[in-house]
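As structure tokens, the structure follows; a few thoughts come after it.
Please treat every number below as a calculation from the coordinates, not as lab data. Note that the structure is predicted; figures quoted are calculated from it, not measured. Virtual Cβ from ideal backbone geometry, glycine too; neighbours counted across all protein chains shown.
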Amino acid sequence: MPLILVARDDAVATVTLNRPEAMNALSRALRAELAAAMRDLAADDGVRAIVLTGAGTRAFTAGLDLKELGADTGNLGAANAESADENPVKAIEPCPQPVIAAINGVAITGGFEVALACDILIASTNARFADTHARVGIMPGWGLSQKLSRIVGIGRAKELSLTGNFLGAEAARDWGLVNRVVAPEELLPAAQALARDIASADPAMVRRYKKLIDDGYALPFGEGMALEQARSTAANRAVSADEVEARRLAVMARGRERAG
């Protein structure tokens with residue numbers, strides 16, 4: 001069986017981590033296949049949004065394959081690797097298309113980091129998150145120590161990371177970690193419907209806007225504001241009045257369609 005499944009529905013691609021018998025653990029082989037799949041999708045102009053999920057209902061991904069790591073300490077290099085073949089975050093984050101994580105089960109440690117590499121998180125009621133780095137004795141190298149505190153606050157991040165305790169789906173929503181929580185059978189349809197909404201917008205604009213948000217978020221607030229000013233000034237000079245009117249009419253038509 002392939003370790004990564006890729007399904008296309010028009011402009012939306014769904015990528016599934018396919019090791020349900022091992023809780024979709026990120027073995028060396030799975031990481032390499034995921035990197036290859038994400039590179040292919042990133043380069044495909046026909047793909048406007050990507051959904052990432054795990055096979056089965058138990059796990060989104062349980063993180064690095066600890067059995068594989070335990071067999072050879074040389075495998076620990078994956079915890080800090082810059083190559084996308086070793087570090088799944090480096091495969092997901094560079095995608096110009098928005099990536100929606102459909103968290104179908106547990107997202108543990110490296111799996112938590114993979115979830116945080118995505119742009120939008122939607123969780124099943126079965127979803128749970130845990131950071132067990134402190135318990136397994138491996139320092140995070142895929143961004144968890146810095147990203148989590150910026151999302152949920154430093155106190156909550158320390159609670160999760162220093163205890164290794166699980167955070168349930170509803171609490172994750174309340175803490176702002178996931179956008180919404182749905183029943184397991186509704187998870188993939190909800191994520192794919194959101195992906196189709198994104199795909200219905202102008203793809204070049206979506207890619208530029210995603211990059212502006214990400215680039216600005218990585219800067220101090222004042223520098224982020226200056227970045228927005230610089231990019232918007234350059235981009236908006238190229239927009240014609242006819243384009244604005246056409247887009248205005250399209251937005252109004254979409255509003256009427258949704259209201260009906």
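What the table shows:
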| read-out | value |
| --- | --- |
| Angle in degrees between helix 203-217 and the longest Cα principal axis of the chain, rounded to the nearest 10 | 60 |
| Exposure proxy ranking, count of Cβ atoms within 10 Å, fewest first, for 175, 142 | 175, 142 |
| DSSP-defined antiparallel bridges as percent of all bridges, the chain, nearest 5 | 25 |
| Across 158/210; 67/147; 90/210, pairs whose alpha-carbon gap is larger than 24 Å | 158/210; 67/147 |
| Cα-based Rg of the range 219-259 normalised by 2.2 N^0.38 Å, two decimals | 1.68 |
| Using alpha-carbon coordinates, inclination of helix 184-199 to the longest axis of the chain, degrees | 40 |
| Shape call, the chain: gyration tensor on alpha carbons, a/c limit 1.5 | prolate |
| Sorted peptide list for 41-49, 18-26, 221-229, criterion being average Cβ within 10 angstrom, highest first | 18-26, 41-49, 221-229 |
| Label point distance in nm, residue 234-residue 179, each placed 7 Å from Cα along Cα→Cβ | 2.8 |
| Ranking of 58, 128, 248 by count of other Cβ atoms within 10 Å, fewest first | 248, 58, 128 |
| Long-range HN-HN contacts of residue 175 with modeled amide H, under 5 Å | none |
| Burial ordering of 205, 1, 38, fewest other beta-carbon atoms within 10 Å first | 1, 205, 38 |
